[in-house]
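**Q** Encoded as structure tokens, here's the structure I'll be asking about.
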Amino acid sequence: MQTEIAWPARDVPETMDRESGITSVEVAERLSEGGTLDRDGLVARFRGFVRRNYITPAALYMGDRKGAYLYGAPEVFIGACLGRLCDHGFNDSDVLLAASNALTNWNVDDWPEGIPTLRADPSRKPLTPAEYLLDMHVTGVDGWALEIGSFRHPDDDRPRIKARVRNGFYRNPGGGSVGTNFHAGDGYELRTLTMIDLATVMAKLVGVVREPGAATH
């Protein structure tokens, strides 16, 4: 099996701390649902996500000759979400890239008051929406969904695929819904919407199952 060090480290920080993350093999063990999907298959799928830049490693371990990319909880979560999409038949690169962008990149237009701080650590802001969702989950806010939208424009022959994360139960202080937007662009109309419930994804990783919207600000 090819070692992870063979892939270029795209601005991935180096570390000598082996405990700062887990390897792709350990990620596969976390994501295993049992059944017949073997570990090598899960490892190959997760490494494919990394190779196609859907997931960026948290660090590159330099404590031995082989080296290995290390991943934190947000990267494992993104891998789990992308895996659910693949299990649902969404292997198209446009879909997976849209989902990756929704979980990896902040859009300031979605947060007019600024990126929220972590509920578990108010002194710090989450680096990615994936980290934000995990923080909300472990502090009592469930009801999150990953939504994939297919948009059409009268002057464009190809559909435009976008993704967002939304919570249909939790409300911000002004009473509005919490989450991000598609940002499909002017003139694009929504044609198809698919929702992936993230509660079971996060419960699988964190081991906490609650009724959605249990916590308040």
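**Q** Taking Cα atoms of region 53-99, Rg/Rh with Kirkwood Rh, to two decimals?
**A** Details: Rg = 13.1 Å, Rh = 11.9 Å.
Expressed as Rg/Rh, it is 1.10.
**Q** In terms of Cα to Cα distance under 14 Å, which aspartates and glutamates are near enough to Lys204, apart from those fewer than 8 places away along the same chain?
**A** Excluding near neighbours in sequence, the set is Glu29, Glu33, Asp142.
**Q** Another one. At a Förster radius of 41 Å, what calculated FRET efficiency corresponds to the Cβ-Cβ distance of Glu26 and Asp109, to the nearest 0.05?
**A** Numbers: r = 36 Å, r/R0 = 0.88.
So, using R0 = 41 Å, E works out to roughly 0.70.
**Q** Right, something else. Taking 0.36 nm per residue of sequence separation and subtracting the Cα-Cα distance, how much length would be gained by fully extending the chain between Asp121 and Arg152, in nm to one decimal?
**A** Numbers: separation 31, 0.36 × 31 = 11.16 nm, distance 4.09 nm.
Length gained, Asp121 through Arg152: 7.1 nm.
**Q** Continuing with the same structure: Of the beta bridges DSSP finds with both residues in the chain, what % are antiparallel, to the nearest 5?
**A** Details: 24 of 26 bridges.
Roughly 90 percent of the DSSP beta bridges within the chain come out antiparallel.
**Q** Lys162: which aspartates and glutamates have alpha carbons under 15 Å from its alpha carbon, excluding same-chain residues fewer than 8 sequence positions away?
**A** Those aspartates and glutamates meeting the cut-off are Asp92, Asp94, Asp110, Glu147, Asp186, Glu189.
**Q** How much accessible area does Thr200 have with a 1.4 Å probe, in Å² rounded to the nearest 10?
**A** About 70 Å², rounded to the nearest 10.
**Q** Let me ask something else about it. Please list the non-local residues whose amide H lies under 5 Å from the amide H of Trp144, H modeled 1.01 Å from N, same-chain partners needing a gap of 5 or more.
**A** It is Leu198, Ala199, by chain and number.
**Q** How big is the accessible area of Met195 in square angstrom, nearest 10, if you roll a 1.4 angstrom probe over the protein chains?
**A** The value for Met195 is about 120 Å².
**Q** Still on this model: Rounded to the nearest 0.05, what FRET efficiency do Arg65 and Ala44 have when you use their Cβ-Cβ distance and R0 = 25 Å? Please report the intermediate quantities before stating the final value.
**A** Working: r = 23 Å, r/R0 = 0.92.
The value I calculate is 0.60.
**Q** Leaving ligands and nucleic acids out of the surface, order Leu31, Leu118 by accessible area at 1.4 Å, largest first. Walk me through the numbers before you get to the answer.
**A** Numbers: Leu31 30, Leu118 10 Å².
The ordering from most to least exposed comes out as Leu31, Leu118.
**Q** What whole-number volume per residue, in cubic angstrom, does the convex hull of the C-alpha atoms of the chain give? Please list the in-between numbers first.
**A** Details: hull volume 31.7 nm³, N = 217.
Given the Cα convex hull of the chain, per-residue volume reads 146 Å³.
**Q** Turning to a different aspect of this structure: Throw me the Rg/Rh for region 128-175, computed over C-alpha atoms with Kirkwood Rh, two decimals.
**A** On the way: Rg = 14.9 Å, Rh = 12.9 Å.
Ratio of gyration radius to Kirkwood radius: 1.15.
**Q** Ignoring ligands, DNA and RNA, what percent of the 1.4 Å accessible area of the chain is carbon and sulfur?
**A** On the way: 5680 of 11550 Å².
About 49 percent, which is the carbon plus sulfur part of the accessible surface.
**Q** A follow-up question, please. Taking every pair of alpha-carbon atoms in region 73-150, what share in percent sits in each 5 Å bin, from 0 to the bin with the longest distance?
**A** Calculated P(r), rounded to whole percents: 3, 14, 24, 25, 18, 10, 5, 1, 0.
**Q** Can you give the calculated 222 nm mean residue ellipticity of the chain, where each DSSP H run of n ≥ 4 adds -39,500 (n - 2.57) and the sum is split over every residue, rounded to the nearest 500 deg cm²/dmol?
**A** Numbers: 6 runs with 66 residues, N = 217.
Theoretical 222 nm ellipticity from helices: -9000 deg cm²/dmol.
**Q** Across region 151-158, in residue order, what do the Karplus-derived ³J(HN,Hα) couplings come to in whole Hz, using 6.51 cos²θ - 1.76 cosθ + 1.60 with θ = phi - 60° and x for Gly and Pro?
**A** Per residue, the Karplus-derived 3J(HN,Hα) values read 10, 10, 10, x, 9, 10, 6, 9 Hz.
**Q** Quick check on packing: order 19-30, 71-82 by the mean number of other C-beta atoms within 10 Å, highest mean leading. Numbers along the way, then the final one.
**A** Working: 19-30: 18.3, 71-82: 24.2.
Descending packing order for the listed peptides: 71-82, 19-30.
**Q** What does the accessible area per residue of region 71-127 come to in Å², with a 1.4 Å probe and no ligands, DNA or RNA counted? The partial results should precede the final answer.
**A** Values: 2850 Å² over 57 residues.
Result: 50 Å² of accessible area for each residue.
**Q** Further question: Restricting to Cα pairs below 8 Å that are 6+ residues apart, what does the relative contact order work out to for the chain? Please round to a whole percent. Present the calculation step by step, with values, prior to reporting the outcome.
**A** Working: 345 pairs, mean separation 37.1, N = 217.
Computed value for the chain: 17 percent relative contact order.
**Q** Oh, and also: Based on the Kirkwood radius over alpha-carbon pairs, what is the Stokes-Einstein translational diffusion coefficient of region 79-205 at 37 °C with 0.692 mPa s viscosity, in µm²/s? Provide the component values of the computation, followed by the final result.
**A** On the way: Rh = 15.4 Å.
Result for D is 213 µm²/s.
The values are calculated or read from the model by the stated rules, or taken from the named source; none is laboratory data. Keep in mind that this is a model prediction, so the values were computed, not measured. Every residue, glycine among them, receives a Cβ derived from its backbone with ideal geometry; neighbour counts consider all protein chains shown. For accessibility, only protein heavy atoms count, side chains too; no ligands or nucleic acids. Shrake-Rupley method; radii C 1.70, N 1.55, O 1.52, S 1.80 Å.
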